[in-house]
Amino acid sequence: MNETTSKLHLPVLALRQLVISPGTSVPIAAGRPKTLRAIEASLENHEGQIFAVLQREDTADIEPGNLYTIGTIAKIEQIQRGLAGTQLLVTGQQRGIALRVAEENGHFVATLTQAEELLPQDHGDLAFTALYREVRNRAEELADKSGLPREVAEKVLASVEHPGRLADLVAGYLDIAPEQRQELLETFSVEERLRKVVMHVQRQIGVLDAQASIKNQVQEELGDRQREIYLREQMKAIQKELGDDDEIDEMQDLRERIEALDLKEDVSKEVHRELRRLERMGREAMEAQVIRTFLENVIELPWSERSEDLLKATEATRVLDEDHYGLGEVKDRILEFLAVRQMQQRHESADTQAELSPPNESSEARATAAAAATTDTQVSDDVDGDANTEAEVSAEVDQGTAEQDNGDSTKSTTSTRKSPILLFTGPPGVGKTSLAKSIARSMGREYVRISLGGVRDEADIRGHRRTYVGALPGRIIQGMRQAGTKNPVFLLDEVDKLGASFQGDPSSALLEVLDPAQNDSFTDHYLGLPFDLSEVFFIATANFPQNIPGPLMDRMETVEFTGYTEAEKLEIAKQYLVPRQIEEGGLLDHEVRFTDGGIRQLISHHTREAGVRQLERELARIVRKVARRLAESSDQQTISETFAVNAEAIGDLLGRPKVHPEKAATEDQIGVTTGLFYTPMGGDIMFVEASTMPGKGNLQLTGQLGDVMQESARAAWTFARSHTAGLRIKATKFDDVDVHIHCPAGAIPKDGPSAGVTMATALVSVLSDRPARHDIAMTGEITLSGRVLPIGGVKEKILGAVRAGIKEIILPRDNERDLEDLSDEVRAQIKVHLAGDLGEVLAVALRDASYEDGRLLFPDEDPTTVSPLWH
């Protein structure tokens, strides 16, 4: 290399990711302060000459140590200043070598010398001439393959004769990295530079050839209708040639995430098989996205993640009582489950301690650990414990441990983690759904809810197979993915409202989900892999359990929710509903106060329900009306009096009562008795009226009675006709009169066997002309022989009687145990008469009647002259 002796002092133009080759013009955008000052200094003092040099690292700050030594002496041909910055057109002139770079007047100035090229000693060397022509020919070929018109390329190349300038010109148009351009700039040997340039040109031609080949292949394979996929394949091939490894990194990330999962052997084998299929096919293949989505779903499922159970019974009790009033049976069931889990956890800890015990422990310590670990390890029955020596105890423990190890090896702690499957049944609004959420909070578990009302497609439960377009996992697997743990509280809401259609029966699909013997390997159609649901705490809710198929019902433990009493509704309103509605209404506690009388008036005259939803809506109405009055008050800022919502204010705020419940009759009547009935809205009383008229012994029934009630009335009619003497009924009446039995209200359909004793009593009362008591209500099914059979809904029926003002109740004797469901407060208010046959019922229901030795007696009668009802 030869250098001129003259030195130049030029401003420094620091370039980022750009190298200017001598003889090429390059547009540059300048914006850094030091760069702008260097440009101004070049134009003012150096006639536009500037030293353009590449930064070693692409940083915003310009530092002398970050600049390459060799750069290009360039000239600023054009400059345009605007709001977006300064635009330059710079032409490279000659290589320069910086001897020193110093800062002057806010920009850098380089002291440099011009670098001379090293030409070959023999210009006529054949190898050099061949190399020169090869560069020119390959450059023309590259221009042609790049789409540049041949005439233009030939004209540009013909304008350059010098070998070094030809190498610089071609290098300026190559698609190579800045570091490679800098390497060419630092190559002073013309022959060496031509060799490097021809290698880069040949590589570029190879890239274009590969691109053309891929283009032809893709067009042949995919055709014109899949142009978009072809373009993406083309882009992929280009990125691969350019060393873009994003897809490889993505596949590696997917593999690492799968490796981090705790999968069973068969599941892991299938997942890795799908991963290998994805790796073999292209990113834009039609099935690639399906496999990728499948793997993403597998990764997001909680294969081993669990929530740690909060096993403190006192804390769980506090949370449950904080959210719900009453419901003692349900809360007891949850606390029992927590207690069992606590015992299981103790045994698991003991097992772990026994496994970790060192082999050189004393036999006495090993015996103690083994006894604490499991109750299965027992001493032999034929060994006297008192006579055992220390060695014998050790031998027995070793033998018991060996038996345990050689026994059921598949037994693990997961078998003790199985969660119960509960079914909450009851009328709407009693807290079934909200209690499930409270259970999750009390146990420290995640909570997931899916509504099954109206679901008619089996695929909603099991998912769609991946062969279908847009296939998704079923709602069970989606819920588990949402929970993020494998032991959440999973609520299946409205399970009684599942439907069936030509698409399958969802309730049948739930059989596997809710079977503890099968759900440890539940297989979703989409996944096609067994997933463990055994640790999920499933809770289903239903309003009408009779709509649930028998096999599905058999898999769940039923917990019945009964309607709330007025006293319970009062406490719920005071503790939960009223504070919540006052807060949601924007009021303060001192601005409105609900009295017990006002809440009772609201419960009895404005709501008719077993739960408290309508009660909460009415409370919200009252709060809104109070808020409006306060807002409209002219001196609302100085209100100090509390608005009292009492019984009188309820009528003022809500208007006339919307509910007119039945009340007990005020006097005894012949042929009128009081029965009890139960609906999902709760229990209530119902009057049965019987009347006679001249006729031919016919029985007429009205009041929209169902088949069962009509049969009960005919059974009572037959009993009365067959026991006329014992019931004091003239036998001729059945030939001379017709009997009409009516059950108000006529617009409401009625059915069920429990009105049998009520209709029988009304019938006997009207035929014997004896009044029935108005202060007593009854329920029970009768037979032709007069036996009284048990019925259901005892608690709700008794609560309905108490609300109506009736304190004496006749129940079937077999329903005596159902009285335990009543609170002590209700039991203290009522008097219950238990009856096994109709004679016992009539003795209580008819005024002044009694029952002795199978005979129905009235005052001033000699028992010996009365015919018994039963022989």
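The values are calculated or read from the model by the stated rules, or taken from the named source; none is laboratory data. Just so we're clear, the structure is a prediction, and the values are computed from it rather than from any experiment. Note that each Cβ is placed from the backbone with ideal geometry, even for glycine, and that neighbours are counted across all protein chains shown. Heads up: the accessible areas ignore ligands, DNA and RNA and are worked out on the full protein's heavy atoms, side chains in. Shrake-Rupley method; radii C 1.70, N 1.55, O 1.52, S 1.80 Å.
For the range 267-302, give me each residue that is over 27 Å from Val489 (Cα atoms), open to solvent by 20 Å² or more (accessible area, probe 1.4 Å) and assigned to a helix (DSSP H, G or I).
Lys269, Glu270, His272, Arg273, Arg276, Arg277, Glu279, Arg280, Gln289, Val290, Arg292
Just for the range 112-123: of the residues that are in a strand (DSSP E or B) and under 19 Å from Ile20 (Cα atoms), which one is most open to solvent (accessible area, probe 1.4 Å)? Break it down into steps so the answer makes sense when it comes.
Let us first name the residues in the range 112-123 that are in a strand (DSSP E or B), namely 112-115, 118.
From the residues that got through so far, the ones that are under 19 Å from Ile20 (Cα atoms) too are 112-115.
Values: Leu112: 0, Thr113: 7, Gln114: 55, Ala115: 5 Å².
Selected residue: Gln114.
For (1) free of Cβ contacts under 8 Å to residues at least 40 places away in the same chain; (2) out of contact with any Gly (no Cβ under 8 Å at 6 or more places or on another chain); (3) open to solvent by 10 Å² or more (accessible area, probe 1.4 Å); (4) among the polar types (S, T, N, Q), each residue gets a yes or a no:
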site	(1), (2), (3), (4)
Asp524	no, no, no, no
Gly528	no, yes, yes, no
Phe538	no, yes, no, no
Pro551	no, yes, yes, no
Tyr564	no, no, yes, no
Val578	no, yes, yes, no
Gly585	no, yes, yes, no
Val592	no, yes, no, no
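Going through the range 788-818 one residue at a time, which ones are under 18 Å from Asp751 (Cα atoms) and either among the basic types (Lys, Arg) or in contact with an Asp or Glu (Cβ under 7 Å, 6 or more places away or on another chain) (or both)? Please lay out each step first, then the result.
Looking only at the range 788-818, we keep the residues that are under 18 Å from Asp751 (Cα atoms), and these are 788-794, 796-797, 800.
Matches in the range 788-818: Val788, Leu789, Pro790, Ile791, Val794, Lys797, Gly800.
For the range 588-621, name all the residues that are touching a Lys or Arg at 6+ places or on another chain (Cβ under 9 Å) and of a type in the set (Val, Ile, Thr).
Across the range 588-621, the qualifying residues are Ile599, Ile603, Thr607, Val612.
How about the range 159-175: which of its residues are open to solvent by less than 60 Å² (accessible area, probe 1.4 Å) and either outside any helix (DSSP H, G or I) or farther than 23 Å from Thr72 by Cα (or both)?
As a first pass, look at the range 159-175 and keep what is open to solvent by less than 60 Å² (accessible area, probe 1.4 Å): 160, 163-164, 166-172, 174.
Within the range 159-175, Val160, Leu174 meet the criteria.
Just need a number here: residues in the range 674-702 that are outside any strand (DSSP E or B) and either more than 22 Å from Ile791 (Cα to Cα) or open to solvent by less than 10 Å² (accessible area, probe 1.4 Å) (or both).
Within the range 674-702, the subset outside any strand (DSSP E or B) is 680-681, 695-698.
Now drop any that are not either more than 22 Å from Ile791 (Cα to Cα) or open to solvent by less than 10 Å² (accessible area, probe 1.4 Å) (or both), which leaves 695-698.
Final tally of qualifying residues: 4.
I'm checking my understanding of the structure. Among residues of the range 802-817 that are part of a helix (DSSP H, G or I) and at pLDDT 90 or above, which one is surrounded by the most Cβ atoms within 10 Å (Cβ to Cβ)? Reasoning before the result, please.
Here is the first cut: in the range 802-817, the ones part of a helix (DSSP H, G or I) are 802-804, 813-817.
Narrowing further to those that are at pLDDT 90 or above: 813-817.
Numbers: Arg813: 15, Asp814: 14, Asn815: 21, Glu816: 13, Arg817: 9.
Filtering first and then ranking leaves Asn815.
Out of the residues in the range 304-323 meeting the condition of being outside any helix (DSSP H, G or I) and either surrounded by fewer than 17 Cβ atoms within 10 Å (Cβ to Cβ) or not hydroxyl-bearing (Ser, Thr, Tyr) (or both), tell me which one is modelled with the lowest pLDDT. Lay out the reasoning, then the answer.
Going residue by residue through the range 304-323, those that are outside any helix (DSSP H, G or I) are 304-312.
After this cut, where a residue has to be either surrounded by fewer than 17 Cβ atoms within 10 Å (Cβ to Cβ) or not hydroxyl-bearing (Ser, Thr, Tyr) (or both) as well, the list is 304-306, 308-312.
Working: Ser304: 87, Glu305: 89, Arg306: 87, Glu308: 84, Asp309: 79, Leu310: 79, Leu311: 76, Lys312: 79.
Taking the candidates together, the pick is Leu311.
Given the structure, is Gln80 without any contact (Cβ under 8 Å) to a residue 12 or more places away in the chain and farther than 14 Å from Leu8 by Cβ? Explain how you work it out, then say what you get.
Values: without any contact (Cβ under 8 Å) to a residue 12 or more places away in the chain: yes; farther than 14 Å from Leu8 by Cβ: yes.
Answer is yes for this residue.
Take residues that are of a type in the set (A, V, I, L, M) and under 14 Å from the mean Cα position of the chain (by Cα) and tell me which of the helices (runs of 4 or more DSSP H) falling wholly in the range 426-538 contain 2 or more.
Working: elements: 432-443, 459-462, 475-483, 506-513.
Per the criteria, 432-443, 475-483.
Scan the range 511-553 residue by residue and report those that are under 16 Å from Lys486 (Cβ atoms) and acidic (Asp, Glu).
Hits for the range 511-553 are Asp520, Asp524, Asp532, Glu535.
Just give me the residues in the range 760-800 being on the phi > 0 side of the Ramachandran plot and either at pLDDT below 90 or of a type in the set (A, V, I, L, M) (or both), in sequence order.
Let us first name the residues in the range 760-800 that are on the phi > 0 side of the Ramachandran plot, namely 769, 780, 786, 793.
The answer is Asp769, Gly786, Gly793.
Out of the residues in the range 776-801 meeting the condition of being over 13 Å from Glu840 (Cβ atoms) and among the basic types (Lys, Arg), tell me which one is least open to solvent (accessible area, probe 1.4 Å).
Lys797
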